[in-house]
1. Give the residue that is surrounded by the fewest Cβ atoms within 10 Å (Cβ to Cβ), with candidates limited to residues of segment 28-68 that are of a type in the set (Val, Ile, Thr) and more than 15 Å from ALA94 (Cα to Cα).
2. Filter segment 93-136 down to residues that are among the aliphatic types (A, V, I, L, M), touching a Cys at 6+ places or on another chain (Cβ under 9 Å) and either over 24 Å from VAL226 (Cα atoms) or buried (at least 24 other Cβ atoms within 10 Å of the Cβ) (or both), then give me how many there are.
3. For segment 134-150, enumerate the residues that are closer than 22 Å to TYR185 by Cβ and either of a type in the set (S, T, N, Q) or part of a loop (DSSP other than H, G, I, E, B) (or both).
4. Name the residues in segment 53-101 that are among the charged types (D, E, K, R) and farther than 19 Å from GLY211 by Cβ, would you?
5. Show the residue pairs meeting these rules: Cβ distance below 9 Å; 6+ apart or different chains; first residue within segment 14-29 and more than 22 Å from THR261 (Cα to Cα); second residue among the acidic types (Asp, Glu) and not in a strand (DSSP E or B).
6. Of the conditions (1) among the small types (Gly, Ala, Ser); (2) assigned to a helix (DSSP H, G or I); (3) touching a Leu at 6+ places or on another chain (Cβ under 6 Å), ALA92 satisfies every one except a single condition; which number is it?
7. Just to verify a result, which residue in segment 1-20, among those that are in a loop (DSSP other than H, G, I, E, B) and among the hydrophobic types (A, V, I, L, M, F, W, C), is nearest to HIS223 (Cα to Cα)?
8. Could you tell me which numbered condition ALA171 fails, if it satisfies all but one of (1) within 19 Å of SER213 (Cα to Cα); (2) without any contact (Cβ under 8 Å) to a residue 40 or more places away in the chain?
Amino acid sequence: MTLRESLDRAAAAVRERAPGIEPRVGIVLGSGLAPLADQVQDARVIPFGDLPHLGRPSVEGHPGHLVLGTFAGTAVAVLRGRLHPYEGWSAAEAAFPVRLLCWLGVRALVLTNAAGAIRPDLLPGDLLVVHDHLNLSGKNPLEGPNDPLVGPRFVDLSRAHSPKLRAALQACAGQLGLRLKEGIYAMMPGPSYETPAEILMLRSLGADCVGMSTVPEVIAAAHHGVPAVVVSCIANLAAGLGDGPLTHAEVEATVSGVVPTLARLLTTFVPGAASM
């Protein structure tokens, strides 16, 4: 079955479960951020497992639901959790849920994640807008046959992190009196956290924060021609930069504290993003 056929089947299943909803903005909620989906009104919740070609997340903090409804008066499609290549999914499989949002017609994507801080001025609880990324996972969701009706064979990523969406997000933050830092996100394969030596390497390469997700989704969005903006929630200091061991529980606890701030930001941002 081709990618287009798989997307058609998955989209038809969504429309059968949630008829009449035409999402304009897609949102992906990373580790610890799933509760933000509770603010979607008139929500239709569909488990990933009920849709063809979507895998089920196995990581705590990633329930694996597609939530359709309205947020800040805007029709949205929200992924409550995501798939990670380190769970055993290919990059293409990990990116498929975001492809589905694109196939459903969203005009903009907001991707969120939890990340470890590399740059010295980044602290747990900070929000960072990603302006570029380093794909050090060794994986790309565009590998394999290409369907030109989905997107081009060779995809330009120079504006994959939409300058227009980033500027709009910064403007919304300014209205709310919030400070959004900007930087480069490095994707490592995981699931082990990086070694201190690897963090030094990443710093020398220009990375400001590090995580294990998101990049396949950004590439897939670019393939569809859908603009994307990434917000990283700084959850911890990267290996060798802080005290004590790194744990997923620490990541979830820190990021959960950012949910109210991120909700305020997205409430201001999402209505405008739908019309860009």
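Nothing in this text is a laboratory measurement; each read-out follows from the coordinates by a stated rule. Computed from a prediction, not measured in an experiment: that's the story for all the values here. Neighbour counts are summed over all protein chains in view; Cβ atoms, including those assigned to glycine, are modelled from backbone coordinates with ideal geometry.
1. Ranking the candidates gives VAL45 first.
2. Result for segment 93-136: 7.
3. Within segment 134-150, ASN135, LEU136, SER137, GLY138, LYS139, ASN140, PRO141, LEU142, GLU143 meet the criteria.
4. If the condition is that a residue be among the charged types (D, E, K, R) and farther than 19 Å from GLY211 by Cβ, then ARG56, ARG99 are the ones that fit.
5. Between residues of segment 14-29 that are more than 22 Å from THR261 (Cα to Cα) and residues that are among the acidic types (Asp, Glu) and not in a strand (DSSP E or B), the close pairs are ARG17/ASP50.
6. Unmet for ALA92, out of (1) among the small types (Gly, Ala, Ser); (2) assigned to a helix (DSSP H, G or I); (3) touching a Leu at 6+ places or on another chain (Cβ under 6 Å): (3).
7. Per the stated criteria, the residue is MET1.
8. (1)
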